[in-house]
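Contents: one structure, followed by commentary.
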Amino acid sequence: MTNKLKITFLLGVLMMFCSLNINAQLKKGQLVDGIAAVIGDEIVLESDVDEQINYGKQQGIATTNRCEFLERLINNKFLVYAAKKDTLIENRSAAIKEQVNAKYKQFLSQFPDEKTMLAAYKFRTSYELKNAIEKIDTDQYYGQEKYKRITEKADVTPNEVTDFYNLYKSQLPEVKDEVSLSQIMMYPELTEAHKNELIDKLKKIKADIQGGETFESQARIYSEDEGSAANGGLYKNISKGQMVKPFEAAALNLQEGEISDPIESEFGYHIIQLVKKSGKNYDARHILLKAIPTDSEMASARKKLDSIRGLILNQKITFKDAAFKYSDDKRTKFNAGVLSGIDGSNKIERESLAGTVTYELAGLNKGDITTAFDDVIDRDRKVVKIIKIEDVIPAHHIQLETDYDRIKQMALNKRKNEMVEKYVNTKLPTTFIKIDSRYDNCNFSANWKKETGKK
């Protein structure tokens with residue numbers, strides 16, 4: 001997309017951790033960090049600008065204009081500042097802080113050891129990297145929530161979509177090879193013997209706790225929840241609806257200090273201890289044993305899914321009805337199993353597909369259905385799937401006739417951007433903005449260069 005269509009507020013602009021360098025190894029006499037801009041109570045550091053330039057280079061963005069990158073960060077920080085003052089936006093700072101360890105461990109799992117990981121991300125200590133993760137997630141959450149609040153009533157008419165296309169069609173991108181896919185996904189079912197093995201182990205752990213062991217120590221030893229095990233199984237300031245229903249129901253039925261019997265959720269089997277309940281929020285510890293299927297349980301699931309595939313091929317049931325009846329994927333089972341692309345449409349670039357899926361689709365054509373195959377989804381959970389190729393779309397220049405939904409989304413994004421821009425302009429006079437003098441020569445699109453304002 002050309003500069004004319006560039007959205008000044010970039011959702012998730014700070015999401016990429018691989019380019020982080022906020023507290024890189026310092027040389028003697030080097031400036032620790034400088035403040036590039038202050039927006040209300042929020043600060044943009046010089047290192048933040050450096051990181052966005054580095055990230056831009058990695059993504060193939062030609063420009064390294066420091067002013068442009070600073071303005072993107074100021075836009076984001078402006079919305080973060082406004083979001084934190086908006087009483088209708090939930091304060092999730094505590095919950096975000098609680099998730100830092102889980103994300104840290106997720107990064108660590110991609111490296112042979114912690115030292116190698118820190119060197120790759122150019123951080124000196126785990127503390128620095130965790131602080132950076134927390135900062136990024138906090139900004140992302142508040143920025144996105146304010147963006148949604150400002151643009152929640154945004155819409156475009158068919159005529160406006162057509163006008164958008166006619167105005168920008170020469171600038172719209174080429175569409176790469178795409179496919180439309182539907183899937184039926186199943187969680188392999190554990191045998192009763194396997195279930196009882198996990199339940200009995202949790203009962204033994206509970207008995208040991210009641211016999212004098214602490215819940216925290218047992219969680220560190222036995223829990224398979226990467227997000228809480230190192231913290232003694234503790235999740236703090238949990239809001240209602242945040243956890244899966246079986247977990248929440250069990251936790252809220254306990255008295256403070258009480259430990260539940262083993263309960264089953266989509267993640268496995270848990271015992272839960274209610275630590276504290278305060279209003280609508282609560283603190284709880286848990287010990288999770290994941291329901292990791294055995295090879296024979298995986299084989300049984302594949303056999304069941306292949307039999308469903310046979311019913312579809314023999315026209316005993318439609319793929320849509322089979323997805324609704326048998327799929328365990330809550331995101332797609334009520335939508336005929338249709339998978340969504342990055343832009344929210346049902347078209348997915350072939351090159352963006354996971355390697356496992358690409359392999360299974362090799363040699364298949366429109367209307368074909370894969371045989372059942374193993375896959376891994378969130379948190380390394382094993383599943384089995386069949387996938388149907390609903391359509392094959394060769395590479396082409398984007399057209400109104402064939403890509404209406406995609407063009408509509410582009411037009412809607414432009415409308416949302418205009419709404420955000422209008423909001424920023426109305427709030428600028430009453431928001432304190434200060435930009436370092438080294439940026440005096442920048443020609444910003446918004447009037448950021450006012451020296452003072454009321455908070």
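The values are calculated or read from the model by the stated rules, or taken from the named source; none is laboratory data. Source: prediction; values computed, not measured. Quick reminder, even Gly has a Cβ in these numbers, built from the backbone with ideal geometry, and neighbours come from all protein chains shown. Ligands, DNA and RNA are stripped out before the accessible areas are found, and what is left, the full protein with its side chains, is counted by its heavy atoms. Shrake-Rupley method; radii C 1.70, N 1.55, O 1.52, S 1.80 Å.
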Report summary line: Inter-part gap, Cα centre of the range 178-231 to Cα centre of the range 373-408, in whole angstrom, is 32
Requested in this report: Compute the Rg/Rh shape ratio of the range 45-153: radius of gyration over Kirkwood radius, all on alpha-carbon atoms.
Outcome: 1.01
Query raised in the report: When the Cα centres of the range 265-320 and the range 121-169 are compared, how far apart do they sit, in Å?
Result: 31
Report task. Have a look at the range 392-455 and give its Rg and Dmax from the Cα atoms, expressed in angstrom. Result -> 19.1, 56
**Report entry** For the chain: relative contact order, % (alpha-carbon pairs under 8 angstrom, 6 or more apart)
**Finding:** 20
**Report entry** Accessible-area value, Met243, 1.4 Å probe, nucleic acids and ligands omitted, Å²
**Finding:** 40
Report task. Starting from the Cα coordinates of the range 250-296, work out the convex hull volume and express it per residue in Å³. Result -> 70
Report summary line: With the charge dipole of the chain built from beta-carbon charges (+1 for Lys and Arg, -1 for Asp and Glu) about the Cα centre, the Cα from Asn101, Leu73, Ser300 projecting farthest to the positive end belongs to Leu73
Query raised in the report: Two-decimal Rg/Rh of the range 262-371 from alpha-carbon positions, Kirkwood Rh?
Result: 1.09
Report summary line: Semi-axes in Å, largest first, for the range 76-225 (Cα gyration tensor, √(5λ)) are 43, 26, 21
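Between Ala119 and Thr356, what is 0.36 nm times their sequence separation minus the Cα-Cα distance? Round to one decimal in nm.
82.3 nm
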Report summary line: By accessible area (1.4 Å), largest first, Glu213, Glu68, Glu192 order as Glu192, Glu213, Glu68
Query - Where the Cα pairs of the range 362-411 fall when distances are cut into 10 Å bins, in % - result: 19, 29, 29, 23
Query raised in the report: Want the number for Asp163 to Ser340: 0.36 nm per residue separation, take away the alpha-carbon distance, what's left?
Result: 61.1 nm
Query raised in the report: Roughly how much of Asp321 is accessible, in Å² to the nearest 10, using a 1.4 Å probe?
Result: 80
Query raised in the report: Stretch Lys204-Lys427 to full length: gain in nm at 0.36 nm per residue minus the Cα-Cα span?
Result: 74.4 nm
Query raised in the report: How much of Leu252 can a 1.4 Å solvent probe reach, expressed as accessible area in Å² and rounded to 10?
Result: 40
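May I ask you to rank Ser170, Ser340, Ser126 by accessible area, largest first, using a 1.4 Å probe over the protein chains only?
In descending accessible area the options line up as Ser170, Ser340, Ser126.
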Query raised in the report: Which lysines does Lys303 reach when only Cα atoms under 19 Å apart count, and residues fewer than 8 places away in its own chain are ignored?
Result: Lys316, Lys325, Lys382, Lys385, Lys388
